[in-house]
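Structure first, then comments.
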Amino acid sequence: MKQILNLALIAFIPLMLTNCSITELLPLPRPGVEEGRTDADAFCNRDGNNLVVRVSNTGPKDSPPTKVLVDFFIFGTQTVMTPVIPGQSVIEVNVPIPAGCFNPDCNYKIKIDPDNQIEEPREDNNDRDGICIG
């Protein structure tokens with residue numbers, strides 16, 4: 001019995017260590033948006049001529065710096081780097097909105113870690129469509 005318990009512990013410890021070293025990044029809606037809302041308008045967070053993108057690391061492990069790419073479609077893409085994102089925290093980055101994007105509205109797609117450089121349990125939650133009504 002003791003041998004079985006030891007084998008179970010040997011198998012369990014690496015699993016615990018692996019689960020403690022998870023980074024999980026995703027874009028968040030602007031502050032004040034109702035919980036669970038993910039429609040395109042929920043991600044419009046402006047500061048002057050910048051789109052303020054909120055990046056959440058829901059995992060316990062700190063995320064290394066990564067890219068935030070915003071595709072403004074016919075108006076081009078903008079890429080900014082994040083700082084280290086501590087586990088269980090949210091940071092904000094300012095992404096310049098290209099001139100002419102508001103015609104009358106500005107549509108975009110936010111992509112966190114667009115090159116998939118950071119290992120995450122899910123990669124399908126790193127992108128969100130957005131719109132800022134002009």
Can you work out which of the residues in the stretch 81-115 that are surrounded by 16 or more Cβ atoms within 10 Å (Cβ to Cβ) and among the aliphatic types (A, V, I, L, M) is farthest from S56 (Cα to Cα)?
I97
Only residues in the stretch 26-45 that are within 14 Å of V70 (Cα to Cα) count as the first member; pair them with residues that are loosely packed, with under 13 Cβ neighbours inside 10 Å and modelled with pLDDT of 95 or more, Cβ under 8 angstrom, at least 6 apart or cross-chain, and list the lot.
C44/I133; N45/P31
In the stretch 90-114, residue nearest to the chain's Cα centre (by Cα) [restricted to those that are within 18 Å of R128 (Cβ to Cβ) and in a loop (DSSP other than H, G, I, E, B)]
D113
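The values are calculated or read from the model by the stated rules, or taken from the named source; none is laboratory data. Just so it is clear, the structure is predicted and the values come from calculations on it, not from any experiment. Glycine gets a Cβ as well: all are built from the backbone with ideal geometry, and neighbour counts include every protein chain shown.
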